[in-house]
Structure formats: C-alpha cells, structure tokens
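Q: There's a structure below that I have some questions on.
Read-outs throughout are calculated quantities, based only on the coordinates presented, and are distinct from any laboratory measurement. What you see is a predicted model; the values in this text were computed from it and never measured. As a convention, Cβ positions derive from the backbone with ideal geometry for all residues, glycine included, and neighbour counts pool all protein chains shown.
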Amino acid sequence: MKPALLHEDEYLQILWDDQNRIISIDWKKATAKMTDEDFKTELTLFAKQVEDKKSPRILIDVSKFSHRPSEEVGEWRRENISTRYNAAGVQRFAFLHSKDSQAPSMGSQSAQGERFLTRSFNSPEKAVAWLTASE
C-alpha cells in the first residue's frame with residue numbers, strides 16, 4: 001500500500017503509511033538552498049503532523065538532504081520538536097541514508113531528552129522492519 005501524501009512543498013514531502021503507522025519526511029534536493037529558518041519552519045510543520053496522527057514511528061529520508069543546520073538549530077530542535085514527538089508518543093525514529101553512504105554513528109543515538117529509540121539505515125526495507133518490530 002502506497003503511503004498517503006499529507007503535505008508537499010519546495011523542500012519536502014510528508015507521507016503517512018496508515019498500515020504501519022509510520023509518518024515520514026522525504027527531503028528534496030532543494031534543501032541545498034534552505035536557511036535555518038526554513039528548516040525550523042519545516043520541522044514545526046512536521047511536528048504538527050506527527051501530533052495529529054499520533055504516530056509512534058518516524059522515518060526521515062535524508063538521502064537528498066543538503067542543508068547544514070547551525071549548532072543553535074540542534075538545541076532548538078531538542079527543545080521545540082523532540083518534546084512534541086515525546087508528547088505524541090513516538091517510540092522509534094529512523095534516518096534513511098543513501099545506499100552507498102556511511103550512516104553516521106550519531107544518527108543511531110537519541111538526543112538528550114528524547115524518549116524514543118533512534119537508528120540510521122541505508123535500506124528502506126531495513127528501516128521499516130526496525131520501525132515496526134515489536135520489542
């Protein structure tokens with residue numbers, strides 16, 4: 001079953017897989033020209049979708065993501081986005097990298113204050129299998 005498109009704009013698509021209860025971002029190549037403010041706007045929009053769907057699983061495809069957020073954005077994300085994910089009941093969060101990239105070890109760690117598990121993958125199938133696995 002193909003995920004439903006919830007939102008699309010210049011920088012991303014937000015998709016909902018109702019069967020697996022996975023909400024996802026498919027970042028676009030246009031992220032190469034986004035600003036930190038654009039990034040914050042997009043994450044805020046996504047957090048609202050996560051809350052609306054009460055999704056326990058998030059999949060973020062960063063294979064085409066090119067923006068390099070400043071250090072300040074990381075702290076902002078923990079305070080303003082991760083707290084919303086926690087409140088929405090997110091249990092697992094996966095990053096999807098390109099097949100030939102080396103998934104960063106930091107991408108397999110939850111940030112301080114996050115109550116959900118975080119992992120990085122190079123295969124969409126492996127990411128979905130992990131996201132939907134029972135404990």
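Q: Starting from the 7 Å offset along Cα-to-Cβ, what nm value, one decimal, do you get for the label separation of Lys2 and Lys99?
A: Reported label-point gap for Lys2 and Lys99 is 2.1 nm.
Q: Nearest 0.05, what FRET efficiency do Lys54 and Ala30 give at R0 = 22 Å with Cβ-Cβ as r?
A: Efficiency at R0 = 22 Å is approximately 0.15.
Q: When Kirkwood radius over Cα pairs in Å is calculated directly from the model, which label among (1) 14.9; (2) 16.6; (3) 15.8 fits?
A: Correct label, based on the coordinates given: (1).
Q: Obtain the nm distance between the two label points defined at Gln91 and Ser70 by a simple spin-label model: each point lies 7 Å from its Cα along the Cα-to-C-beta direction.
A: The answer from the label model is 3.8 nm.
Q: Full extension from Thr83 to Trp130: what is 0.36 nm times the residue separation minus their Cα-Cα distance, to one decimal in nm?
A: 14.7 nm
Q: Counting other Cβ atoms within 10 Å, which GluC sites (Glu not before Pro) in the range 1-38 have at most 12 and lie in a DSSP loop?
A: Those that pass, being in a loop and sparsely packed, are Glu10.
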